[in-house]
Amino acid sequence: MAPKAGRGRTAEKTLASVLGIRLEQLAAEHEDLASFLAKVGISSGTYYLLVKGDANPTLDTLELIAAGLGLSVWELLGLNDGVVKKALDARDIDLDAIKASSRARVEALTKLESQRVEFKKKSTGQSGKTRHRE
């Protein structure tokens, strides 16, 4: 018997739960949680939402976490690249092209974040100068 509407876990919640379990596993491989979070580039609040399965991370977030760990998004989710490649090859999809695109996106996002931080520093520094003149 199928669950009634609104009951049971949706596919999104199931994926979020799998990601949460996987993040816990990966975090356990590190010396401490703080070093893990610094490596993957997420806050502790985001981490706990992800681990509880209460977050809906974007592809950008998954790519940044994966890149921080030196993994593909597939590996972050616990899938072997070989299995994914075989499935994609059967559909005539180039895994290497996807990986190259993912790397380019991560590089662009990292650059944007760096620019955002630099802009924030400059803005804060300028407002500080203005206060001293008053």
- Keeping to the stretch 47-60, report how many residues are without any contact (Cβ under 8 Å) to a residue 12 or more places away in the chain and either surrounded by 17 or more Cβ atoms within 10 Å (Cβ to Cβ) or more than 11 Å from Leu23 (Cα to Cα) (or both). 2
- Do any residues in the stretch 104-118 that are over 23 Å from Ser72 (Cβ atoms) have Cβ atoms under 9 Å from those of residues that are in a helix (DSSP H, G or I), where the two are at least six apart or on different chains, and which pairs are they? none
- Query: Being among the hydroxyl-bearing types (Ser, Thr, Tyr), surrounded by 15 or more Cβ atoms within 10 Å (Cβ to Cβ) and over 16 Å from Ile21 (Cβ atoms), is that true of even one residue in the stretch 62-74?
  - Reply: yes
- For the stretch 79-105 the number of residues that are within 14 Å of the chain's Cα centre (by Cα) and not charged (D, E, K, R) is 1
- Query: Restricting attention to the stretch 19-42, does a residue exist that is at pLDDT 90 or above, loosely packed, with under 12 Cβ neighbours inside 10 Å and hydroxyl-bearing (Ser, Thr, Tyr)?
  - Reply: yes
- Task: State all residues of the stretch 79-96 that are exposed (fewer than 12 other Cβ atoms within 10 Å of the Cβ) and among the hydrophobic types (A, V, I, L, M, F, W, C); if no residue qualifies, say none.
- Result: Val83, Ala90
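The values are calculated or read from the model by the stated rules, or taken from the named source; none is laboratory data. Worth saying up front: this structure is predicted, and the values here are computed from it rather than measured. Every residue, glycine as well, gets a Cβ built from its backbone with ideal geometry; the counts of neighbours run over all protein chains shown.
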